[in-house]
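Input: a single structure, listed below in structure tokens.
The values are calculated or read from the model by the stated rules, or taken from the named source; none is laboratory data. From a predicted model like this one, the values you see are computed outputs, not experimental measurements. Here the Cβ is made from the backbone with ideal geometry for all residues, glycine too, and neighbour counts use every protein chain on show. These area figures cover heavy atoms from the full protein model, side chains too; ligands, DNA and RNA do not enter into them. Shrake-Rupley method; radii C 1.70, N 1.55, O 1.52, S 1.80 Å.
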Amino acid sequence: MVREYPIGLLFSVTGSYGTVGASMLHGARLACGQINADPEFGVRLSPIEHNPGSDLNAYAPAVETMISSGVRNVIGCYTSSSRKEVIPVFEKRDALLWYPTHYEGFESSSNVIYTGAAPNHHMLPLVDYFTRHIGHRVFCIGSNYIWAWESNRILREELAQRHGTVVGERYLPVGETDVDCIVEAIFAAEPDIIFNSLIGESAYAFFRAFRAACRSRGIDQAQRYPIASCNLSEPELDSIGPDAVDGHLSSSVYFASIDTIANREFVSRYNTAFPGNHGPSAEAEAAYVATILLAQSLRAAGTDTMNDVKTCAANQRLRAPQGEVVIDPETFHTYLTPRIGRSRADRHFDIVYDAGKPVAPDPYLINSTSILEASPLRPSFRIVS
């Protein structure tokens, strides 16, 4: 017997970070189609979609609407501010949020399953990489909300362990594209590397403006002032534009260029389903993974009530496009494989470092240390030729 369950898909496909939101929605839709096409799976998903339009005030009402219509499990949110906006609704209404993107960590809610990267998956490997290979003087730029604040706090603490320095720190409102003051501040500070936690249109405007400012000064930006991010993916490279797209570092658990049979099949299915969208992103893959893990949990539970689904979600595993993914029953975050990529002019990434295996989630950085080899939970990176 096939059981049918309504699920919510809560992604901003318009507004300042609509490029990322659309990619996430595509990943979730692809998974729904895959599940529903398999009568042997035993579960059918009926997605109910809401687009908050990158408006923070629209998220909680959307969740209330979905839950009132019978939804008990929602896959969604991109920004941490939107996640924190809706968690009280999930807690009040006894429903479950599947949060499918990287985040800054230091959070645990009994009503959330976190299928994206925790800070030990993206922040710590990135700091390890650039302090070894680039330098120790960092200029931080970010959107003025919790993702950037917490990411920069973690970075400062990690740098201190390596005798590094934050030589400047600037924030912009989400969606702000006037970046000239930041560009001039960077030139004045002369950092070794720029750590970027701007999101959406703010980030794209900065990449373009900084590349143009360096070019006008005869500076090779990618070599002299490399930019490193934990939130830069393939669809966003297209939004940056061809004049400023190459040479940027991104720390992630997924890149479309991963050369495995499973990922090649995933990319092919994605491109067939959504032609002209420049391929999947880490966020699309995370939403795809979250949807399938939810479907597996629904099948095991035989119901969509929160406690039963969450109990069955513990230890769920999936051979995902990025590799093996497992839900940790202690933290309800996921084991993921850290990677670092460098963007190319063709809007893809060369993978320059790969952990080689899934790493246990450590959202509070309790078991992780600033020295890469010091903890068994921290990967020994291998160079990818």
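Taking the Cα atoms of the stretch 128-184, report the difference between the largest and smallest coordinate on each principal axis, in whole Å and largest first.
For the stretch 128-184, the Cα spread along each principal axis is 32, 24, 16 Å.
Evaluate the relative contact order of the chain (contact order divided by residue number), counting alpha-carbon pairs under 8 angstrom at least 6 apart; express in whole percent.
Over the chain, the number comes to 18 percent.
For Ala320, what residues show an amide H to amide H distance below 5 Å, using hydrogens built from the backbone and excluding near sequence neighbours?
The list, which skips near neighbours in sequence, is Val325.
Of the peptides 269-279, 132-142, 6-16, how do they stack up when ordered by the mean number of other Cβ atoms within 10 Å, highest first?
6-16, 132-142, 269-279
Just flag the GluC sites (Glu not before Pro) in the stretch 1-98 sitting in loop per DSSP whose Cβ has no more than 14 other Cβ atoms within 10 Å.
Answer in residue order: Glu40.
For the chain, find the longest principal axis of its Cα atoms and tell me its angle to the long axis of helix 119-133, 0 to 90°, nearest 10.
That helix lies at roughly 20 degrees to the long axis.
When DSSP assigns beta bridges and you keep just the ones with both residues in the chain, what percent turn out antiparallel, to the nearest 5?
Among the beta bridges of the chain, antiparallel pairing accounts for roughly 35 percent.
Got the relative contact order for the stretch 203-281 handy, in percent, Cα pairs under 8 Å and 6 or more residues apart?
31
Whose amide H sits under 5 Å from the amide H of Leu172, counting only residues 5 or more places off or on another chain, with H placed in the peptide plane?
Amide H neighbours of Leu172: Gly142, Ser143, Asn144.
For labels at Asp259 and Arg156 in the simple 7 Å Cα→Cβ model, what's the distance in nm?
4.2
Output wanted: per-residue J couplings in Hz (rounded whole) for the stretch 343-358, from phi through Karplus 6.51 cos²θ - 1.76 cosθ + 1.60, θ = phi - 60°, x for Gly and Pro.
5, 10, 5, 8, 6, 10, 10, 7, 7, 9, 9, 9, 5, x, 7, x
How much mean residue ellipticity at 222 nm does the chain get from its helices, if each DSSP H run of length 4 or more adds -39500 (n - 2.57) and you divide by all residues, to the nearest 500 deg cm²/dmol?
Result for the chain: -12500 deg cm²/dmol, rounded to the nearest 500.
Between Cys181 and Lys84, what's the calculated FRET efficiency when r is the beta-carbon distance and R0 is 25 Å? Round to 0.05.
0.30
Considering the dipole of the chain built from charges on the beta carbon (Lys and Arg +1, Asp and Glu -1) around the Cα centre, which of Ser110, Ala205, Gly142 is farthest to its positive end?
Selected residue: Ser110.
Could you state the accessible area per residue of the stretch 196-333 in Å², with a 1.4 Å probe and every protein chain left in place?
Ligands and nucleic acids excluded, the result is 34 Å² per residue.
At a threshold of 8 angstrom on Cα-Cα distance, excluding pairs fewer than six apart, so keeping six or more, what relative contact order does the stretch 143-273 reach in percent?
So the answer I get is 20 percent.
Using amide H atoms built 1.01 Å from N in the peptide plane, name the residues 5+ places from Arg3, or on other chains, whose amide H lies under 5 Å from its own.
Excluding prolines and chain starts, which carry no amide H, the hits are Val43, Arg44.
Using 7 Å Cα-to-Cβ label points, what is the Ser69/His348 separation (nm, one decimal)?
3.8
Expressed as an acute angle from 0 to 90° and rounded to the nearest 10, what is the orientation of the C-alpha long axis of helix 180-189 relative to the principal long axis of the chain?
60
Using 0.36 nm times the number of residues separating Ser268 and Glu40, minus their current alpha carbon distance, what extension gain do you get?
79.8 nm
Cα centroid distance between the stretch 198-272 and the stretch 342-363, in Å?
12
Using θ = phi - 60° and the Karplus curve 6.51 cos²θ - 1.76 cosθ + 1.60, what whole-Hz ³J(HN,Hα) does each residue of the stretch 205-220 get, with Gly and Pro shown as x?
Residue by residue, the stretch 205-220 yields 5, 5, 4, 5, 5, 6, 4, 5, 5, 5, 4, 5, 9, x, 9, 7 Hz.
Arranged from highest to lowest average of other beta-carbon atoms within 10 Å per residue, in what order do the peptides 168-176, 110-118, 21-29 appear?
In decreasing order of mean packing, 168-176, 110-118, 21-29 become 21-29, 110-118, 168-176.
Rounded to the nearest percent, how much of the accessible area of the chain (1.4 Å probe, protein heavy atoms only) is carbon and sulfur?
Carbon plus sulfur share of accessible area: 48 percent.
Can you run phi through the Karplus equation (6.51, -1.76, 1.60; θ = phi - 60°) for the stretch 320-329 and list ³J(HN,Hα) in whole Hz, with x for Gly and Pro?
7, x, 7, x, 5, 10, 9, 7, 6, x
Could you tell me how many degrees, from 0 to 90 and to the nearest 10, lie between the Cα long axis of helix 59-68 and the main elongation axis, the longest principal axis, of the Cα atoms of the chain?
10
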